[in-house]
Amino acid sequence: MSSSASARPSSSPTFSRPRRTFVSTSSARATHAQHPPTHHSQLVSYPSPSSTRPEEDDPDDPEIEFVPPEEAVLDMTDRAAEQLRAVAQREGNPDAGLRIAVESGGCHGYQYKLELAKEKEPEDYHFSHPQIRPSNVYVDAVSMSLLKGSAIDFATELIGSSFRVVDNPQAKGNGCGCGVSWELKL
């Protein structure tokens, strides 16, 4: 008999279970992980009433209410800015960026339309991250009043990666269950 076997009490065998440890993340840290810190983007340029006048007045066109430059605020996470810089480098175009528009639709009334753009349009507000460049975000004059104060993030999940508009102060609640549409605060 070995010495290790004789050192155990012979009354009942002892089974060694792996010790299970539970780690919990504080809610503050969990929230921080979901919403990384943002920076106020710099407003590079903004439209003027003369730049958006159509040649013909179309009664179906919405009335444009310009957001003054001091109120045109958009925040951006570092990871969104890094992704925008990668897009511009991949395209070989420093003017490439993210175009954000708000359209009517969805079950709550409004939805975001996000697409890559090759350049700024005359009716766009142009934002850039304060340190990471190029990181262009373009918002049309009609949508700016519905987006002012929002944050732009880039999220990577198991099902894919995408740019997102988060923390929109103009939106009521968390939007619909599918996460596509949102309701305007009145």
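The values are calculated or read from the model by the stated rules, or taken from the named source; none is laboratory data. On a predicted model such as this, the values are computed, not experimentally measured, just so you know. Quick reminder, even Gly has a Cβ in these numbers, built from the backbone with ideal geometry, and neighbours come from all protein chains shown. Accessible surface areas use protein heavy atoms only, side chains included; no ligands, DNA or RNA. Shrake-Rupley method; radii C 1.70, N 1.55, O 1.52, S 1.80 Å.
Here are the numbers:
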read-out: Answer residue from the stretch 115-131, given it is assigned to a strand (DSSP E or B) and either touching a residue at least 60 places away in the same chain (Cβ under 8 Å) or touching a Cys at 6+ places or on another chain (Cβ under 8 Å) (or both) and is most open to solvent (accessible area, probe 1.4 Å) among those; value: His126
read-out: Selection count, the stretch 83-114, where residues are more than 19 Å from Ser145 (Cα to Cα) and part of a strand (DSSP E or B); value: 1
read-out: Test: residue in the stretch 134-149 that is within 14 Å of the chain's Cα centre (by Cα), assigned to a strand (DSSP E or B), over 12 Å from Met76 (Cα atoms) and among the hydroxyl-bearing types (Ser, Thr, Tyr); value: yes
